[in-house]
Every structure is written in C-alpha cells, then in structure tokens.
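Reviewing the structure listed below.
The values are calculated or read from the model by the stated rules, or taken from the named source; none is laboratory data. What you are looking at is a predicted structure, and each value in this text was computed from that prediction instead of being measured. A quick note on method: Cβ atoms are made from the backbone with ideal geometry, for glycine too, and the neighbour counts reach across all protein chains shown.
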Amino acid sequence: MKFRKKPVIISAELFDPRSNPKPEGVEAWPCDEKEAARPCTGCGQPMRLHGEVATLEGKHVACPGDWIITGVEGERYPCKPEIFKLTYERVDGKDPETSKPSESADGDFGQALEAVKAGAKIARRGWNGRDMFVFLRAGRQITGVDPSSPMGGDFESLGHLCMRTADGKCCVGWLASQADMLSDDWFVVE
C-alpha cells in the first residue's frame, strides 16, 4: 500500500551556532575539550558546533545547518537540510533560506487556502485584472448598528474571504469558481 503524508503546518528554525541564536529546545553538545574537536561522523564539522535536542525518541544530535522542527504536538526534532527541502515548503511561498519568493511558488487551491488561513494574500496568475488578490477577514464584533436593521442591532461577523478587485474595491464574501479550485497557478502575493 502507498500513503500520502497529510499536510500539516509546522514551525522550523535553522540551527547555525555561528550566526543565529540557538533555537528553543537545543542545548550545547555535552563534550570535553577532546570531544569538542572531534569531527562529526554525519557532517564532518567539529562537535563543539553541534547541539543536542530532546526528542520523543530520546536525545538527538543537531548538526550545523539542520532545521529544528516543532511538530503538531509541540515536540522538537532535527531534520537534515536536504530532507527538509524535499518535505517542507514555506506557507508564504518564500524560499526558506533567503525569504525571497520561491521559484516554485505556484500551487494548487488547497495550498492557497492553507496560505490564506495563515494570513497570506493569495492570487492566481491566470486572472486578467492587475493587483487582484484574496485575503481572509477575521470575524469581529460589529457595534453601533441600528436596532431596527435586519440584524436587530449589534452582531458578530463571521470570518470570510475577501478579494481586492482590479479596480481597487473590496469584494466581501469572495467565492472561488470551479476554474479557481482546479487551477495550479496560485501564488502568495508579497
């Protein structure tokens, strides 16, 4: 049988003891002076540059350049950069190392929905209008409403998608067309 990994959003920080502060949950590798100079069997760098991460399976070595992932239940574990690059992509579509828009930033509607739920603005390359994008408007309390209005006074607005139209207006309650839902040209707007 074959299985597909469920899409989940994780947090990750790059472990680089020379230029970044240690990510939460990473301790200095416990070693004496002799051990500190010994090259790591995994990456070849001196052990003094390594970290130790307490995972659900016990303590693991974090090599410089590894990503320290915080999983869905708050667990932490190191991940080699080549595995990380094959397995994960930033929710906002940017390259994880440069924070610039990724060359492969286009995605399907499901990926676009995950990005907009995380706070990003999304759009399709196939739309004709300029500067159009979709964004999430969080629910909020609406006050000062005339009690004789159809809502009967103050009320709570539910969260909804809005679109900035080509003429700069806001379309409240935007709905995706079938073409939008089946397209693979979605991207995150900077």
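Here are a few things to note about the model shown:
- Complete set of residues in region 142-189 that are within 16 Å of Ile122 (Cα to Cα), under 25 Å from the mean Cα position of the chain (by Cα) and loosely packed, with under 12 Cβ neighbours inside 10 Å: Gly173, Leu175, Leu182
- Leading residue by the ranking (farthest from Pro17 (Cα to Cα)) among those in region 38-53 that are small (Gly, Ala, Ser) and modelled with pLDDT of 90 or more: Gly44
- Against the test of being touching a residue at least 60 places away in the same chain (Cβ under 8 Å) and over 17 Å from Lys80 (Cβ atoms), the options Pro7, Pro30 yield a single qualifying residue, Pro7.
- Against the numbered list (1) under 30 Å from Ser177 (Cβ atoms); (2) among the hydrophobic types (A, V, I, L, M, F, W, C); (3) at pLDDT 90 or above, Ala105 comes up short only at (3).
- Gly58 vs. criteria farther than 30 Å from Glu190 by Cβ, loosely packed, with under 13 Cβ neighbours inside 10 Å and modelled with pLDDT of 90 or more: yes
- The condition (being hydroxyl-bearing (Ser, Thr, Tyr), in contact (Cβ under 8 Å) with a residue 24 or more places away in the chain and either touching a Lys or Arg at 6+ places or on another chain (Cβ under 6 Å) or farther than 29 Å from Gly119 by Cα (or both)) is satisfied by just one residue among Thr41, Thr55, Thr70: Thr70.
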